[in-house]
Amino acid sequence: MTATPSRPPAPASARPLRAALALTLAGAIGSAAAAPQQYHLTVLDAPPGASGVTVTDINDAGQIVGHYQNADFVRVAVLWDADGAHPLDVPAGIDIDGIATAINNAGQIVGTATDFSSGIAALLWNAADPGPYSVISSAVGEAATPNDINDAGVVAGGKGGFGTGAPSRAFVWTAEGGLVDYGLQDETMPDQQARWNALNNAGKLVGHWNVHSSSVHAVVGQVGVPQVSSMSAMTEQFASIATAVNDAGVAVGLGVGAEPVLVPILFAADGTYTEIPGATLDQPNGGAIAINAAGVIVGTAGIGTASGIVPGQRAWVHIDGVSYDLYQHVDDTGGFTRFSNAVAINAHGVIVGTGRLADDSVGSFMLTPIVTETIFADGFDAVD
């Protein structure tokens with residue numbers, strides 16, 4: 001980077017919301033003060049002997065996906081639903097890591113199976129029958145990693161790089177057209193990499209490009225148009241990543257603020273961005289990770305370092321212009337010493353994420369809005 005921007009102005013509101021405040025009433029009816037939404041904690045369990053339970057996504061039916069590490073230190077892709085945890089099958093082999101990365105509202109799940117001797121297979125499962133899988137890609141050297149799937153079953157991610165030295169390229173997969181290479185933001189730039197991180201039901205794609213050991217820059221695209229485009233002149237000048245996009249086309253992510261550190265950001269329609277107010281909490285940096293249909297955003301305050309140790313990392317939710325530390329707004333902490341990352345939120349305001357347990361191991365949680373008044377059903381004011 002050649003320059004550092006002044007701190008982006010805070011938006012007057014997070015975005016036009018369909019719903020009003022996601023707040024419960026504080027104290028007696030008629031009280032002038034209101035408290036932030038409270039949540040009920042559910043710990044996402046795994047089979048005995050499992051560790052490192054890591055959630056990645058939730059759909060509107062409350063089905064959740066992620067992975068855990070078994071007693072042999074092999075990662076197992078998993079689906080959680082009302083009946084508990086269901087391991088997802090992967091191709092036969094020795095010590096093949098399985099990771100489920102995303103689930104859509106039709107119950108379709110995408111993820112990967114990694115054999116460290118032969119490469120990565122991109123897989124598609126169905127929550128209705130979580131055993132069998134379909135292979136999206138297993139071509140030698142292709143190493144396709146799905147990052148998201150929309151309700152039409154369109155998959156987006158990045159491919160290439162595993163064991164080949166080739167940079168990753170953005171891709172889109174459909175059942176009809178198979179895997180299509182969407183390329184790079186600039187095909188003439190040596191060692192450039194690109195990937196899609198998310199897409200919505202209208203087919204809007206968001207992600208980032210970068211050169212190895214260099215700054216990242218947000219990109220945008222459209223399903224059916226095989227190209228990767230810069231989000232804006234601002235995102236090309238300053239480090240930025242687009243991590244999620246809702247069905248209104250509103251994207252969130254990380255970007256450089258007043259200081260040369262990444263902070264949670266909200267993208268405008270023209271691709272420029274502003275910092276999400278208060279979302280770094282008491283940390284020096286952070287990122288927005290997901291946004292739901294109502295425009296409620298979740299993310300993390302305190303992002304990784306080279307050592308991987310982030311003692312103060314905090315999960316947050318941003319509602320109607322205000323950011324809240326989720327650990328401070330639950331009915332029970334359930335053995336967690338802190339919530340580190342809020343990684344997904346569904347249309348009902350249910351949040352999933354990861355945190356640290358008493359032994360400092362990784363665990364995962366689901367937070368369901370507690371409804372104390374019928375007007376606040378699903379955590380949102382039902383009156384438009």
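Bear in mind that the values in this text are calculations on the coordinates, not laboratory data. What you are looking at is a predicted structure, and each value in this text was computed from that prediction instead of being measured. Cβ sites come from the backbone with ideal geometry, for glycine too, and all protein chains shown count toward neighbours.
Values for this structure:
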quantity	calculated
Under 11 Å, Cβ to Cβ, from P36 - net charge with Lys/Arg +1 and Asp/Glu -1	-2
Efficiency of FRET between A233 and A106 - r from beta-carbon atoms, R0 35 angstrom, step 0.05	0.40
Point-to-point label distance, S214-A71, nm (Cα→Cβ direction, 7 Å offset)	4.9 nm
Relative contact order (%) - the range 37-379, alpha-carbon pairs under 8 angstrom, separation at least six	14 percent
Local electrostatic count at D97 - Lys and Arg +1, Asp and Glu -1, tallied over other residues with Cβ under 14 Å	-3
Residues T112, T300, T101 arranged by fewest to most Cβ contacts within 10 Å	T101, T112, T300
Estimated FRET transfer efficiency when R0 is 35 angstrom, pair D60-T337 (beta carbons, to 0.05)	0.70
Potential extension, D360-D89 segment - 0.36 nm per residue separation minus Cα distance	94.7 nm
Full-stretch length increase - D270, H40 - with 0.36 nm per residue and alpha-carbon distance subtracted	79.1 nm
Unit charges on C-beta of K, R, D, E only; dipole of the range 173-315, Debye	320 debye
Rounded Å value of the spacing that divides the Cα centres of the range 193-211 and the range 242-264	13 Å
Extended-chain gain in nm, criterion 0.36 nm per residue less alpha-carbon gap, A152 and D181	8.5 nm
